[in-house]
Amino acid sequence: MKAFRHSVAVSVLLVLAGCTTQGDVQSPVPVEDRVGAQAGAAQPGAEVGSGAETRGVTVGGEFEGDPINAPAGSPLAQRVIYFDYDSNEIRPEFHEVLRAHGAYLASNPQVRVSVEGHTDERGSPSYNLALGERRADAVKKVLVLNGAGTDQVETVSYGEEKPASLGSSEDAWAQNRRAELSYQR
Amino acid sequence: MTKTRNLLSLALLGLAVALQPARAAINIDITQGAEAAIPVAVVPFVLEGGGTPPPEDVAGIITNDLRRSGKFEPLPTSDMLSRPSRFDDVQFQQWKALGVDAMVVGAVEQLPSGEYQVRFELLDTYKTSRILGKYYRVPATALRALAHNIADQIHEALTGQPGAFSSQIVFVQQVGTPPKRSFQLVLADADGHGQQVILTSPQPLMAPSWSPDRRQIAYVSFENRRQEVFVQSLSTGERRVVAKFRGLNNAPVWSPDGRRLALTLSKDGNPDIYVLDLDTGALRAITQHWSIDTEPSWSPDGRTIYFTSDRGGKAQIYRVSANGGQAERVTFEGNYNAHPVVSPDGRWLAMVHRGDNGDQIAVMDLQTKQLRTLTRGPLDESPSFAPNSAMLIYTANSGGASRLATVSVFGRADLPVGLIRNPVREAAWSPR
């Protein structure tokens with residue numbers, strides 16, 4: 001169990017390495033030959049140590065237990081940050097929430113959180129993927145400013161591919177322009 | 001060896017440049033001819049002999065193909081006064097009176113071997129002459145492909161431009177609803193028939209792209225809860241990861257020579273365009289800007305890459321040398337233009353254009369810079385050109401439903417692609 005923790009931590013560090021070592025020359029291309037032989041259907045889920053397989057983004061909402069025992073209504077219980085159209089600015093009403101999460105991560109350095117960025121369906125899917133990444137990055141920045149370690153926070157963008165609310169109304173769009181915090185165990 | 005190849009390709013480029021002005025002049029004529037659809041009649045093929053009727057309606061497939069191209073207006077069968085099956089039986093006066101410029105007649109007969117013999121003739125009603133006439137002998141399973149092939153021949157004979165009806169598409173569809181939703185990559189004929197699922201994943205799939213030789217598909221998969229770019233062989237199903245950097249790994253598109261992928265990576269903090277050499281793994285940054293740079297598309301000569309960037313504040317389309325360097329802005333109309341796609345003939349630039357009715361597919365004539373909106377909106381996206389540069393496939397969203405449709409570059413024949421029952425994300429039309 002302990003060894004598993006370590007391997008997760010190390011791989012997360014590796015994944016985030018580019019963040020802290022900007023300007024370094026990165027090794028050219030991580031073409032994974034071992035994946036080359038993997039034919040046929042997609043492998044659901046990730047290998048141990050990929051740093052991505054825990055609770056995260058299960059399509060099915062098969063949520064596992066909550067690592068933080070936050071009482072309902074407290075800032076820590078709030079895991080979704082909403083954004084204005086075409087914006088990655090953190091709205092004032094979410095400052096308190098992110099402050100609480102940042103402080104929690106600071107005092108629990110073994111805890112990891114994944115921030116998923118999402119957009120509404122308007123605009124081009126690939127462009128939206130980049131917008132979703134901006135939102136996830138903005139949340140990460142505020143968490144780090146509030147004490148979280150950069151290696152505790154992983155970001156991933158799903159763009160418009162995983163709407164929280166189906167439909168094409170203003171309401172649905174507002175629900176979908178979001179970043180979700182997923183604590184990993 | 002490489003040197004010789006380079007010299008050869010340089011010589012070919014020189015030739016292409018030299019031919020450019022002449023070709024452009026011809027193109028203008030074709031454009032004007034194509035703006036009005038040609039009235040045609042495809043007479044239902046007669047069943048000859050006593051065999052089993054064919055499992056496919058050959059004339060019906062030809063009719064649908066011609067209609068979908070936007071260049072033809074097929075006469076409804078209910079308006080036909082007779083149903084000839086050969087040149088000698090046609091009363092041309094009758095068809096001229098119906099305003100038909102050209103007509104297709106033919107017959108199908110089952111042979112003792114079980115195969116089908118298909119005969120067709122393409123006739124000019126005004127000259128009362130035969131333009132094309134052929135016999136084929138095919139198994140029942142090949143009748144659809146034959147019908148598309150005949151439609152291609154008719155298209156070329158009447159417009160001077162090859163048809164695109166024998167091509168294929170790949171698209172991403174969603175099956176089921178959360179929590180049981182899955183994503184599939186599907187290969188199909190351009191008219192939606194003959195679907196084969198080539199990949200199923202519980203996580204999103206995005207941005208499929210064909211290799212120029214039609215043998216491989218590049219795409220983005222989230223199966224490992226992050227973005228990774230895969231290249232998959234269509235014949236064997238084998239695949240490999242070619243990009244899995246931190247952050248975005250998205251929007252892969254094959255270079256015209258098939259040896260490189262342009263793609264979007266954000267490994268250094270924000271999204272930029274890169275070119276990945278598929279043989280050596282060498283990676284080259286084409287843009288380096290603090291803005292979002294994404295959705296690359298190659299010009300057919302491989303020298304220029306068009307892309308989306310918000311470096312001016314809003315998403316607009318830019319272009320840059322495929323070796324990198326200074327980028328130049330291409331679109332100025334409207335405050336959102338994204339997902340540029342250059343047509344295979346290099347004449348058009350398709351895009352998602354935010355117009356009066358939301359997100360609509362538009363094309364820009366790269367010579368005159370004129371922009372034409374083709375679709376109704378309000379949530380149209382992901383344009384992809386047919387191999388003959390005359391049509392586009394795109395995704396139209398409305399009320400949470402999304403479907404594929406095709407439209408001609410002149411905005412004619414905006415028609416849904418049939419037989420697709422699941423919500424569709426993005427599609428890519430195959431090369432020839």
| request: For the range B:32-52, name all the residues that are modelled with pLDDT under 95 and within 22 Å of B:P74 (Cβ to Cβ). | output: B:Q32, B:G33, B:A34, B:E35, B:A36, B:A37
| said: Please go through the range B:298-318 and give me each residue that is surrounded by 20 or more Cβ atoms within 10 Å (Cβ to Cβ) and either at pLDDT below 95 or in contact with a Ser or Thr (Cβ under 6 Å, 6 or more places away or on another chain) (or both), ordered by number. | reply: B:W298, B:Y306, B:T308, B:S309, B:D310, B:A315, B:Q316, B:I317, B:Y318
| query | Would it be correct to say that B:Q161 is modelled with pLDDT under 95, closer than 27 Å to B:P431 by Cβ and within 26 Å of the chain's Cα centre (by Cα)? | reply | yes
| said: Return the residues of the range B:151-169 that are out of contact with any Asp or Glu (no Cβ under 9 Å at 6 or more places or on another chain) and of a type in the set (A, V, I, L, M); say none if nothing qualifies. | reply: B:A157
| Restricting attention to the range B:166-175, does a residue exist that is free of Cβ contacts under 8 Å to residues at least 40 places away in the same chain, under 27 Å from the mean Cα position of the chain (by Cα) and outside any helix (DSSP H, G or I)? | yes
| message | Can you tell me which residue is farthest from B:S408 (Cα to Cα) among those in the range B:313-330 that are over 26 Å from the mean Cα position of the chain (by Cα) and within 14 Å of another protein chain (Cβ to nearest Cβ)? | response | B:G313
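Residues checked against (1) under 13 Å from B:S167 (Cβ atoms); (2) modelled with pLDDT of 95 or more:
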| residue | (1), (2) |
| --- | --- |
| B:D380 | no, yes |
| B:N388 | yes, yes |
| B:M391 | yes, yes |
| B:T395 | no, yes |
| B:A401 | no, no |
| B:N422 | no, no |
| B:A427 | yes, yes |
| B:S430 | yes, yes |
| field | Residues satisfying the stated conditions in the range B:291-308, i.e. of a type in the set (D, E) and either assigned to a loop (DSSP other than H, G, I, E, B) or more than 14 Å from chain A (Cβ to nearest Cβ) (or both) | value | B:D301
| Is one or more of the residues making up the range B:107-122 out of contact with any strand residue (DSSP E or B) (no Cβ under 6 Å at 6 or more places or on another chain) and either closer than 27 Å to B:L415 by Cβ or charged (D, E, K, R) (or both)? | no
| task | Considering each residue of the range B:125-156, count those that are hydrophobic (A, V, I, L, M, F, W, C) and under 29 Å from B:A97 (Cβ atoms), and give that number. | result | 6
| remark: By my count, strands (runs of 3 or more DSSP E) wholly in the range B:331-432 with at least 3 residues that are away from chain A (no Cβ under 14 Å) and buried (at least 21 other Cβ atoms within 10 Å of the Cβ) are B:391-398, B:401-408
| query | If you go through the range A:92-105 one residue at a time, do you hit one that is part of a helix (DSSP H, G or I), without any contact (Cβ under 8 Å) to a residue 60 or more places away in the chain, within 20 Å of B:E426 (Cβ to Cβ) and more than 11 Å from every other protein chain (Cβ to nearest Cβ)? | reply | no
| task | Report, by residue number, each residue of the range A:124-157 that is assigned to a helix (DSSP H, G or I), under 12 Å from the mean Cα position of the chain (by Cα) and facing chain B (nearest Cβ under 7 Å). | result | A:E133
| query | Looking at the range B:60-102, which of its residues are assigned to a helix (DSSP H, G or I), touching a Ser or Thr at 6+ places or on another chain (Cβ under 9 Å) and surrounded by 20 or more Cβ atoms within 10 Å (Cβ to Cβ)? | reply | B:T63, B:R68, B:W95
| request: Could you please let me know if B:S201 is more than 23 Å from B:F385 (Cα to Cα) and either polar (S, T, N, Q) or crowded, with 21+ Cβ neighbours inside 10 Å (or both)? | output: yes
| said: Out of the strands (runs of 3 or more DSSP E) lying entirely within the range B:177-282, which hold 2 or more residues that are among the acidic types (D, E), over 24 Å from the mean Cα position of the chain (by Cα) and more than 7 Å from chain A (Cβ to nearest Cβ)? | reply: B:272-277
| field | Residue among A:H101, A:H118 that is in contact with a strand residue (DSSP E or B) (Cβ under 7 Å, 6 or more places away or on another chain), under 24 Å from B:K180 (Cβ atoms) and at pLDDT 95 or above | value | A:H118
| field | Qualifying positions in the range B:270-326 - in contact (Cβ under 8 Å) with a residue 12 or more places away in the chain and β-branched (V, I, T) | value | B:I273, B:V275, B:I286, B:T287, B:I292, B:T294, B:T304, B:I305, B:T308, B:I317, B:V320
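The values are calculated or read from the model by the stated rules, or taken from the named source; none is laboratory data. All of these numbers come straight from a predicted model, not from anything done at the bench. Every residue, glycine among them, receives a Cβ derived from its backbone with ideal geometry; neighbour counts consider all protein chains shown.
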